[in-house]
Amino acid sequence: MSRRVALSVVAGVALLGGAGAFALAQAGEQTPVLGHSTARYSAPDGNRDGSLVFVTDVTASSDVKSVKVLAWPQQSSFAGKGLTAKDMAAAETAVCKSAGQDTVRCTYTVRVTDADAKSSPRGAWHVAVLATAKDGTTTLDTKAADFTVR
């Protein structure tokens, strides 16, 4: 093999190796991905409390550190200004359990009393989710799921 061909092969291998390392580095920094998000609201009935149950799957290559959940009425200040990660800092945390490689299923359940229901705005509500991976990357979905309070 000529010296010129050998140098071309070495340069090509180095280039491909560098591109592969870059791709792996980028893959390690992907933000968490939300999927199959659902919300189910049940109003209180007689002596029975109601509930809000939100479920979502979160996939993160560096594993999931936390999932924060906030239900908010469509007719609120968040509708105009939009929710931010800072707004989500005080939100409640969902309980997450393994659902396969790099994926957890997170559930957030809150009891709704008759007093809660009476003081809540009627109409459309949204569920916002802030997922944080162990590598520090985040995903904020301000309308991961919807439900209606009647």
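The values are calculated or read from the model by the stated rules, or taken from the named source; none is laboratory data. The structure displayed is predicted, hence computed values, not measured ones. Ideal geometry is used to build each Cβ from the backbone, glycine not excepted, and the neighbour counts take in all protein chains shown.
Scanning the range 8-26 finds no residues that are at pLDDT 50 or above and out of contact with any helix residue (DSSP H, G or I) (no Cβ under 9 Å at 6 or more places or on another chain).
Within the range 87-122, take every residue that is of a type in the set (D, E, K, R) and assigned to a helix (DSSP H, G or I) and give me the one that is surrounded by the most Cβ atoms within 10 Å (Cβ to Cβ). Restricting to residues being of a type in the set (D, E, K, R) and assigned to a helix (DSSP H, G or I), the top hit is ASP87. Condition check: at pLDDT below 95, closer than 24 Å to VAL110 by Cα and in a helix (DSSP H, G or I). Does ALA79 satisfy that? When the stated conditions are applied, ALA79 passes them.
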